[in-house]
Structure formats: C-alpha cells, structure tokens
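I have placed the structure first, in the form of structure tokens, so that the comments after it can refer back to it.
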Amino acid sequence: MDFSYYAMARYRNRSAINILEETKDRMNYGPEIIHPEFVYLFYQIFHNDPCSYWDEDVCRQTLDGLESLYNAHSSDIDLNYEIMEHFFIGYFTYTQITTVINDLSNISDSQLIKNRMYRLPTYISILEGCLTHLFRFIVLILDQCNADKDFAAHKKLAGLCDILKSNGFEKLVDKIDIDIRNAINHGGVIMTNEGNDLLFRYTKNRNVQTKEFKSSGFDRLIDCIFDTASAVLLGVSQFINNHHNLI
C-alpha cells in the first residue's frame, strides 16, 4: 500500500475538502488544494499534542522564504531524490520523536534517569535527526538558486544554521543552541542536585565555557525546539504540496 492510498484510506471519513478548510483556518494562509500524500501529515500536526503547538512565526518564514525562492527561480528548483530524501528522514524522525515525548516526558521517578533516557537524547534527536534534515532540504534549494555559491557542501548543523541566517531564514535557527548540542555529544554534561541541575561544558574560541539549566528549564528548551521543528515541517510540507509538480 503506497503512502497516498494509505492517507486516503485512513481518513476516508474526513473528506479532503474538510481537511483543506481546516488547514486554511488553522494556518491563515493555507493551500488552495491538499494532495493526498499530505492529508495525513496536516491532520497529524493539527490534532496531536505536542505537534499542534507549532511556532507560527517560524512556519510563516519557512513558507514565505521558500515561496520567494520559487517566484524568483522556479525554473532552477528541482525537488530531486536527495532533497526529498532529507524531507522524509526529517519527517519520519519527527513522528518517532513525537511518540517519545508523549511516552517519556511525564517520567518523574528520577530526574537522573529522565535526563539520560529522555531529555538529552530527545534534544539531540530533534536537532540532528529532524531539523538538520529539514534545514538541509532548504539549503539544497538555496544551492539550486545560487549558482555562484556552494551551499550543498555544508552538511553539519552549525554550517546549515549560518546559511539559513544569512538568507532570510533566521527565525528557524533562533532557538537552536549549538553549544549545548556540542556539550551533549562530547560528554560535557554534569548533573548535580539529584539530576535537577544540568551543567553543560563546551569549548568555544579555544576556551572552556559553561551553561547551566534547571531540569524544568531544559524541558522548556526541548519544547521550544520541538515547536520549531513542527513549524519548519509544516512550512516545508505546504511548499511541497503547493508545488507538487517539482518532485
């Protein structure tokens, strides 16, 4: 069963017209049509927590930025295999992260266990499993629209963020903290007060620096970047839906 057929079969009791009207109502700038491949995705984000708390400003800048690129360079944009592969990896990772958040975010027996099992891996998964691929989707389109630039050579999160910031997508990266990502990946996390306090140690400009969070504060950081991921996914999905012929 292909994805289009699954989407239509799964939501056969909710017509595409109803979901289309709901999309326009929820987003205020919804699409004219929704292709069957995206019925499930839009429905999932609108009706599942915490997906439904996407960052409106991020979503709008994602879509507007991509539409501006299309308007100026429509003949150059090709949603080829590599670009779409990044979209699908980002999307399916997003669905897995959503399950993890719903299953583990309410663990309260031990903050130490919650840090190791939920907080730290979830933060990394959102950044590297989801957002890095969605950012790569956008950067590869920017590369197609800028013949004099080699944006495609940038594959790491920090480089992707720099490109997005310098090309009108700065809201997409505002909540991303590369320093914390580096601290987690390089074993620079120290937990004290029975796991209620987290100290992140990282090297920047050849100097060791630190950032400290209460566990509740780090939970809010996870919420912020997940809302960013939801918004970027929604904006990218609407762009693909709007220009289905580019695939």
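Given the structure, is Ser166 more than 22 Å from Leu234 (Cβ to Cβ), at pLDDT 95 or above and of a type in the set (Ser, Thr, Tyr)?
It is true that Ser166 is more than 22 Å from Leu234 (Cβ to Cβ), at pLDDT 95 or above and of a type in the set (Ser, Thr, Tyr).
Mind checking which pairs have a first residue in region 56-78 that is closer than 9 Å to Gly235 by Cα and a second that is open to solvent by 20 Å² or more (accessible area, probe 1.4 Å) and modelled with pLDDT of 95 or more, Cβ under 6 Å, 6 or more apart or different chains?
Pairs that qualify, where the first residue is closer than 9 Å to Gly235 by Cα and the partner is open to solvent by 20 Å² or more (accessible area, probe 1.4 Å) and modelled with pLDDT of 95 or more, are Val58/Lys171; Gln61/Lys171.
Would you check which residues across region 165-208 are free of Cβ contacts under 8 Å to residues at least 40 places away in the same chain, of a type in the set (D, E, K, R) and on the phi > 0 side of the Ramachandran plot and list them?
Across region 165-208, the qualifying residue is only Arg206.
Given region 47-159, what helices (runs of 4 or more DSSP H) lie entirely inside it while holding 2 or more residues that are surrounded by fewer than 17 Cβ atoms within 10 Å (Cβ to Cβ), of a type outside the set (A, V, I, L, M) and out of contact with any helix residue (DSSP H, G or I) (no Cβ under 8 Å at 6 or more places or on another chain)?
Helices (runs of 4 or more DSSP H) meeting the threshold: 56-73, 81-104.
May I ask you to say which residue of Phe87, Phe46 is at pLDDT 80 or above, under 30 Å from Ser216 (Cα atoms) and not polar (S, T, N, Q)?
On the way: Phe87 fails: under 30 Å from Ser216 (Cα atoms).
Unique residue meeting the criteria: Phe46.
Filter region 188-208 down to residues that are open to solvent by 70 Å² or more (accessible area, probe 1.4 Å) and either in contact with a helix residue (DSSP H, G or I) (Cβ under 8 Å, 6 or more places away or on another chain) or under 21 Å from Leu127 (Cα atoms) (or both), then give me how many there are.
Within region 188-208, residues that are open to solvent by 70 Å² or more (accessible area, probe 1.4 Å) and either in contact with a helix residue (DSSP H, G or I) (Cβ under 8 Å, 6 or more places away or on another chain) or under 21 Å from Leu127 (Cα atoms) (or both) number 5.
For the structure I just gave you, tell me whether Arg220 is within 28 Å of Asp49 (Cβ to Cβ) and open to solvent by 70 Å² or more (accessible area, probe 1.4 Å). So that I can check it myself, show each step before the final result.
Working: within 28 Å of Asp49 (Cβ to Cβ): yes; open to solvent by 70 Å² or more (accessible area, probe 1.4 Å): yes.
Taking the combined requirement at face value, the residue satisfies it.
Is it the case that Leu134 is under 19 Å from Arg181 (Cβ atoms), hydrophobic (A, V, I, L, M, F, W, C) and in contact with a strand residue (DSSP E or B) (Cβ under 8 Å, 6 or more places away or on another chain)?
Taking the combined requirement at face value, the residue does not satisfy it.
Output the residue which, of all residues in region 160-187 that are under 20 Å from Leu66 (Cα atoms) and among the polar types (S, T, N, Q), is most open to solvent (accessible area, probe 1.4 Å).
So the residue we want is Ser166.
Mind counting the residues in region 160-194 that are among the aliphatic types (A, V, I, L, M) and in a helix (DSSP H, G or I)? Talk me through it step by step, then tell me what you get.
Taking region 160-194 and keeping what is among the aliphatic types (A, V, I, L, M), we get 160, 163-164, 172-173, 176, 178, 180, 183-184, 189-191.
Remaining after also requiring in a helix (DSSP H, G or I): 160, 163-164, 172, 178, 180, 183-184.
Residues that pass the stated criteria total 8.
The values are calculated or read from the model by the stated rules, or taken from the named source; none is laboratory data. Since we're looking at a predicted model, the values are computed, not measured. Glycine gets a Cβ as well: all are built from the backbone with ideal geometry, and neighbour counts include every protein chain shown. In case anyone asks, the SASA skips ligands and DNA or RNA and just uses the protein heavy atoms, side chains included. Shrake-Rupley method; radii C 1.70, N 1.55, O 1.52, S 1.80 Å.
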